Amino acid sequence: MTKRKHSPRPPSGNTHRQRSPLRKKPEEKSRIRRFLGGLAWRMMTLVAVFLSGYLVWVDLTVRAKFGSQPWNQSSTATPASARLYARPLALGIGKRLSADEFVEELTLAGYHREERLNRPGSYHRDGQSFSVTRRPFTFWDGQQSPMDRIEVGFRGNRLESLRDHRGKRLVSVRIEPALIGHIYPSHREERVLLALDKFPPRLIDALIAVEDRAFHNHIGISPRAIVRAAYENFKSGATVQGGSTLTQQLVKNYFLAPERTIVRKFHEAVFALILEARYEKDQILVAYLNEIHLGQQGNRAIRGFGSAAYFYFHRPLAELRLSEFALLVGLARGASYYNPRRHPERARGRRDLVIDVMREWGYISEREAITANSEPLGITETPPAGTTPFPAFVELVRKQIAQDYQLKDLQSEGLRVFTTLDIRAQRKLEEAIKRRVFSLEWEKEMPPGQLQAAAIVSEIETGKILALAGGRDPGMPGFNRALHAIRPVGSVLKPAVYLTALEQSHTLTTLVPDDPIRIRQPNGDIWTPKNYDGKIHGDVPLITALANSYNLATVNLGMSIGLPKVLRTLKRLGVARQVPPYPSTLLGAAA
C-alpha cells in the first residue's frame, strides 16, 4: 500500500502571520509625524516670539537713542549749543603789539598764512607788514565786520599803520574773537555739530560716490552694493568703494561695539533696516555726517566732519578747499589706517582717489581735479590738546553758565557767549608757570613732573578774569586746581578783616599797630606771626596796612575787633564753608 504525501495545510483564519521587527505600524508612524510636526510648530512659534521680541527691542533702541537727536526733528535743525569766544583783538594805531604776537592772535582765531588771499580767515606776511582777509562777524554790540581785506604794519612792538584794501587809513579795527569751545547742554560735551544745509554739497556728493552710490535707493542694506564694490575694488586694485551702506556704517559707529563678528554683522543689518524704515534719508545722512569716526586723540574720538575740520585744519568746515574735505571723506574708510599725521602718503593716496572718483562722476572738472591732487595735505602739524586749547577757562565759563542760565536758554539756536579771556595774557601765564615750576623742581632737586600749579589773572579795574590755569600744563584737560583744589586762601582773606573794622568805628586813617604779637593756642603752643619782609613798621594808617598786606597789623586789628565779627563778614560775603575760629584764619590759613 503506497503512502500518499500530504501537501501543507493552509493556515487557518485565526492564525496570524509574524511581522518583521524593522517594520512599524502605520499608527506608530502617524504618532511620530504628529510629534515632530508639533515640535516643529513649537520651535517655529518660539523663534517667531524671539524674533518679534528682538525686533521690538531694536526698534525701541533706535527710537530712544537716535530719535532724540536734534537733527531728527528736522534735517535742517541746528543742534543746540553755546559757542564760546575769547575777547576780540582790537587794532589801533600805537597799540602795544608785536608782529609775532599778532601772528599768534591770528593763529588762535583760526587764520592761516597763505600766499593767495582768496578765502576768509587767511593772511599774508611780508616782514612787519600783513594783509588779512577778515571773516564776516557780528559782535555783541551789534557792530559787524564784513569780509574784507585790511593792511597792518608794525614797527618794533607797536602797531604803526592800519588801512583798508584801497589804502584808506582806518582808526580802529576788530578781528573777530577766537572760538575757544562749544557747549552742548543736552549732553555736556564740546563738539561741532552741523545741520545738513551747513555741509558743502560737494562733500556729500564725494561721500556718496565713494562710500554708498545706492544710498538714495536701498533699504539700509544692499547685496548688490557688496557685489559691485568687490568688482570695482578688484578692477582698480584698490579700495575705491565699500560694501557696507552708509546706514550700516552709521549703525556700527552709533549703536554697536567695534568687534568684527557674524553676530555683530547680523545686528548691523537689522538695525540698518529698522533705521531706514523709521527715518528719512536726510535724517540718516546728517546723523552720519555728524557721528562718523574720523580720528582719535588719546581717549577722545573725533566724530563728525565739523569736528574733524578743526582737528586737522583748525578751520570751520565751510572754509575747507576741495582737497581738504576730500581728505576727510577718505578718512571715513579708516581713520587710523589713513591718519594723515602718521601716514601722510597713505592719506594722500586715499585723498587723490576720492578726487578722481569725483572727477569720474562729473562732480568736478579735470582742471579742478589736477589742482586738488597737486596740493599738499595742508593739515596742522599737531592737533589741538583737546576740544579747546583753554580747558580750565572753559570749565569756569561752563560753571557760571550753569549757575546763571536755564537749560532752555542755552538751547536757543545760535547762542554765543563772549568771555573775558585775553589770549596773550593766557599764553604769558602758561609760559610763566612752566618756567617757574621747572625752576622750583630744579632748585629743590625734585623729580620732574611732581609739582603742580594753578593761577588766575584778573583785571585790576573791573575784576574780569583774563587768564586761568588749572595745572602745570594748562592746555591739557583734567583736574582744574584753580577751581577745585582746596588750599589756604592766604592774603585774599585780609580785606574781610579791614571791611569789618571799617563797619565798626575805624576809618582809613585809623592807626593800626604793626607790632609783634604772641597768641597762645588751645593746645598750649605760642603763635607768633611775622611780616613777609621780616620788618616791624609800628603804628601805620589802616589803608597803609591793607595796601601793603602787613601780617602783624592785620592780626592786631582782627583780634581787637573780634574773630566772630570777621567770620560773620566772611559769611555775608558768600563763604559757605565752615571757617575755623583760629587767629591764623586772619592771615588766610583756612582752606
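List of remarks:
- Taking other C-beta atoms within 10 angstrom as a stand-in for reagent exposure, Leu97, Leu573 fall in the order Leu573, Leu97, fewest first.
- Restricting the trypsin sites (Lys or Arg not before Pro) of the range 443-534 to loop positions (DSSP other than H, G, I, E, B) with no more than 14 neighbouring Cβ atoms within 10 Å leaves Lys444, Lys464, Arg518, Lys530.
- Separation of alpha-carbon centers, the range 275-289 and the range 501-576, rounded to whole Å: 68 Å
- Under 5 Å between amide hydrogens, built in the peptide plane, is the criterion, and for Phe137 it picks out Ser145 among residues at least 5 positions away or on other chains.
- Each residue, Ile543 and Arg113, gets one label point 7 Å from its Cα in the Cβ direction; the gap between the two is 5.1 nm.
- Taking each residue as 0.36 nm, the span from Ala432 to Gln521 lengthens on full extension beyond its C-alpha to C-alpha distance by 28.2 nm.
- By the count of other C-beta atoms within 10 Å, a proxy for reagent exposure, Arg163, Arg31, Arg213 are ordered fewest to most as Arg31, Arg163, Arg213.
- Chymotrypsin sites (Phe, Trp or Tyr not before Pro) restricted to the range 78-177 and DSSP loop, no more than 14 other C-beta within 10 Å: Trp140
- Burial ordering of Thr45, Thr380, Thr500, fewest other beta-carbon atoms within 10 Å first: Thr45, Thr380, Thr500
- Projected label distance in nm at Ile219 and Ala90, using a 7 Å step from Cα toward the beta-carbon: 6.4 nm
- All aspartates and glutamates inside 13 Å of Lys265 as judged from Cα atoms, apart from same-chain residues fewer than 8 positions distant: none
Throughout, read-outs are computed from the coordinates displayed, never taken from laboratory work. Please read all numbers here as calculations on a predicted model, not as lab measurements. Cβ coordinates were reconstructed from backbone atoms using ideal geometry, including for glycine residues, and neighbour counts include every protein chain displayed.
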